[in-house]
Amino acid sequence: MKLFAKEETVLNTDTANLPQHVAIIMDGNGRWAQQQGKLRTFGHKAGVDAVRASVSFARRHNIPALTLFAFSSENWKRPEEEVSVLMELFKLVLNSEVKKLHKNNVRLKVIGDLSAFDPSLVERIRKAENLTANNTALCLNIAANYGGRWDIVETTKRLQTQIDEGSLQLSDISETTFHQQTAFAHVPELDLLIRTGGEQRISNFLLWQCAYSELYFTDTLWPDFNEQTFSKAIESFQQRQRRFGKIAEQVQC
Ligand code: FPP
């Protein structure tokens, strides 16, 4: 089935024990461009192909949820020119890809504080979300102006509002009820968090959600990330023993 990537590779990925939710910190666009003597923004444009390849891979391997960190709350501090190129890219990608996503039964959600975005961009986002709302094969979450701490603070405020309205008691708050109010309650627990670009940190990404995730760091710069590199990350995930606090003998089947 031809989806989004220009070339689809036949992969050895074991279809058993696939992660149900994969998130990616797409890092290294600027360095990729600079290595070629080009402007950093050239790297962001090249990064769009890696986004396509990742979505295609997740869709074809029936991974139910993919979350991509496109713009952090801290990215506003970058040079104005770079921020505006990123905003233009979001608009272009929304225009060019949404129909394809819809055709392939992919639901799109953009998660983050959208109040800081241009209203025309927010309108395009909402239209794309509404169009794809009932799609079931893959949920593609784009984290934009997102921060893990922001998510926790917003969740806390929502719970407080429910207490004020009388629909929730303080004693009802548990890890489960808290989780149900976070921005990622609509997708399975985060199984695998990938970061490209060589750094080994979380950078205020899915702080609540990564409690028991497997972490995978690769030196591959984001524009070079493709179906083969995604497959390697999945293979690494499949070789790990997830113990969730238990001892090895308790989790061996
Ligand atoms: C990090 O690389 C990348 C970003 C901040 C932006 C990611 C955006 C894209 C891949 C393009 C558009 C994506 C969508 C979903 C529409 P960096 O700039 O921090 O690289 P560096 O570490 O080499 O400086």
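The values are calculated or read from the model by the stated rules, or taken from the named source; none is laboratory data. Since the structure is predicted, the reported quantities are computational estimates derived from the model, not experimental observations. Virtual Cβ from ideal backbone geometry, glycine too; neighbours counted across all protein chains shown. SASA here: full protein model, heavy atoms, side chains in, ligands and nucleic acids out. Shrake-Rupley method; radii C 1.70, N 1.55, O 1.52, S 1.80 Å.
Here are some notes:
- Residue separation of E189 and D219 scaled by 0.36 nm, minus their Cα-Cα distance, works out to 8.2 nm of gained length.
- Cα gyration tensor, segment 106-253 - rounded (a/c under 1.5), prolate or oblate: oblate
- The accessible surface of segment 1-150, taken with every protein chain in place and a 1.4 Å probe, is 51 percent carbon and sulfur.
- Dipole moment magnitude, nearest 20 debye, the chain about Cα centre, only Lys, Arg, Asp, Glu C-beta charged: 600 debye
- In the full protein context, segment 1-158 carries 50 Å² of accessible surface per residue, based on a 1.4 Å probe and ignoring ligands, DNA and RNA.
- Prolate/oblate/rounded label for segment 1-148 (Cα gyration tensor, a/c 1.5): oblate
- Accessible area per residue was computed with a 1.4 Å probe on protein heavy atoms; E123 scores about 110 Å².
- Note on the chain: the alpha carbon radius of gyration divided by the globular reference 2.2 N^0.38 Å gives 1.03.
- Over the chain: helical MRE at 222 nm, DSSP H runs n ≥ 4 each giving -39500 (n - 2.57), nearest 500: -13500 deg cm²/dmol
- For the chain, the longest site-free run once chymotrypsin sites (Phe, Trp or Tyr not before Pro) in DSSP loop states with at most 15 other Cβ atoms within 10 Å are removed: 1-211
- Once the Cβ-Cβ distance of M87 and T136 is raised to the sixth power relative to R0 = 25 Å, the FRET efficiency obtained is 0.25.
- Each Lys and Arg adds +1 at its Cβ and each Asp and Glu adds -1 at its Cβ; summed about the Cα centre, segment 166-253 shows a dipole of about 180 debye.
- Surface accessible to a 1.4 Å probe, I163 within the full protein complex, Å²: 50 Å²
- Longest exposed-site-free window of the chain, the sites being trypsin sites (Lys or Arg not before Pro) in a DSSP loop that have at most 16 other C-beta atoms within 10 Å: 39-200
- Total charge dipole magnitude, segment 76-157, about the Cα centre, Cβ charges on Lys, Arg, Asp, Glu only, Debye to nearest 20: 400 debye
- Global form of segment 196-253, assessed from the alpha-carbon gyration tensor, a/c cut-off 1.5: oblate
- Annotation for E80 and S96: the two label points, set 7 Å from Cα along the Cα-Cβ direction, are 2.7 nm apart.
- Per residue, the convex hull volume that the Cα atoms of segment 9-76 enclose (Å³): 107 Å³
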